[in-house]
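Below: one structure, written as structure tokens.
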Amino acid sequence: MGYNYYGRSPKTKKKKSGYRLFLFLVLLLALAGTGFFSFTQYLALQALRVEVDRLKEQLQKIDNENQLLWDQYDQVVKENEKLREENYMLRSSTVISHGNRNTNRVAITIDDGAGPELIGKTLRILRDHNVRATFFPTGSWVELHPEVWKAAVEKGHELGNHTYNHTFLTTVSDQQIKEELSRWQEAVDSALGFKYQTYFFRPPGMDGFTSPQGSTARRYKEIIAGKGMFTVLWDVELIYALRNEAYTTERIIEHVLANTKGGSIVLLHFNENDIAALPDILNGLRRRGLEPGSLSELLLAAVQS
Ligand SMILES: [Zn+2]
């Protein structure tokens, strides 16, 4: 076995260069591996970026839609506010003495109060004729006989505010007006056992409303509107019309039937003569093609026609 100058056998030299090649290959593989991994990482990152961009875009879209909805919401709130204001103005300026003349509806309204006997008789007549009516009792009458007013509401009739004491409202302070209205409300709520909402106010003695414009009532119309009501007068009544005549049942029937038209609001009172006239009034109206009912029914007919 011979030795070369360097004292290494060629076999050894060959082995060494093989080892270097191996190291070189390992290094190359490692580098390639790193490159490969960073390339796949790069691809994954790119995909993530695309996904993030897509999500950002979606978020932006949602933000825009959200903004649009908020704008719409603001618009609705503003419109609602406007409608509320208009509604309030309308109520405070609304004094009606009749409904739409193009309907055949007629409202039967009966004011003040009486003992349970006469109220009971009235309810029976209305039931027999299948008619709903609107009553304007004073709060003091309601307090005196709560059960008959409860029965009236249960049978589908409605109540309107006519003050507690039948007070002429132009003669008292704003504070007293408010008290008159809320004492009526308390009496009714307590009689019925629930919070009753009425939209109708009728001024006792027509005080302040000698004309439908109601110039002297302007001061308290705002208070009425503030309580969610408007003022209901009438176009057919008996007390003034028959003041110079004998107040008989026949004349009452005659006067009401002669003066009632489609859309009329008939004012009766809880007295023996008016209630005695009621069956003939209801029959007579129907014979003339008119349909008696409550104020709500009359006003609803006005909206529908
Ligand atoms: Zn009255």
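The values are calculated or read from the model by the stated rules, or taken from the named source; none is laboratory data. For clarity, every value in this text was computed on a predicted model and none was experimentally measured. Cβ placement follows ideal geometry from the backbone for every residue including glycine, while neighbour counts extend to all protein chains displayed. When the accessible area is computed, the model is the full protein with side chains, heavy atoms only, and any ligands, DNA or RNA have been set aside. Shrake-Rupley method; radii C 1.70, N 1.55, O 1.52, S 1.80 Å.
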- prompt: Can you give the charge dipole size of region 114-215 about its Cα centre, rounded to the nearest 20 debye, using +1 on the beta carbon of Lys and Arg and -1 on the beta carbon of Asp and Glu?
  reply: 360
- prompt: By how many nm would the segment from residue 155 to residue 76 lengthen if fully extended, with 0.36 nm per residue of separation less the alpha-carbon distance?
  reply: 24.6 nm
- prompt: Which is farthest toward the positive dipole end of the chain among 199, 60, 161, measuring Cα position about the Cα centre, with Cβ charges +1 (Lys, Arg) and -1 (Asp, Glu)?
  reply: 60
task: Would you mind putting 69-77, 252-260 in packing order, based on average other-beta-carbon counts within 10 Å, highest first?
output: 252-260, 69-77
query: For the chain, what is the per residue volume of the convex hull drawn over the alpha-carbon atoms, in cubic angstrom?
result: 276
- prompt: Once the Cβ-Cβ distance between residue 57 and residue 34 is put in as r, and R0 is 45 Å, what FRET efficiency do you end up with, to the nearest 0.05?
  reply: 0.85
- prompt: Which value in nm describes the separation of the simple spin-label points at residue 243 and residue 189, placed 7 Å from the Cα toward the beta carbon?
  reply: 3.8
field: Distance violations [Cα-Cα > 25 Å] among 82/195; 195/221; 155/195; 121/155
entry: 82/195
task: Send over a whole-number figure in Å² for the accessible area per residue of the chain, probe 1.4 Å.
output: 61
- request: Take every DSSP beta bridge with both residues inside the chain and express the antiparallel ones as a percent of the total, to the nearest 5.
  value: 5
- prompt: Which of the listed residues, 102, 116, 136, is farthest toward the dipole's positive end in region 82-181, when Lys, Arg count +1 and Asp, Glu count -1 at the beta-carbon?
  reply: 102
- prompt: For region 96-304, what % of the accessible area comes from carbon and sulfur atoms, probe 1.4 Å?
  reply: 49
query: How many angstrom lie between the C-alpha centres of region 53-88 and region 161-205?
result: 41
message: Report the gain in length on full extension from residue 25 to residue 170: 0.36 nm times residue separation, minus Cα-Cα distance, nm rounded to one decimal.
response: 41.0 nm
query: Say R0 is 35 Å: what FRET efficiency, to the nearest 0.05, do residue 69 and residue 300 get from their beta-carbon distance?
result: 0.50
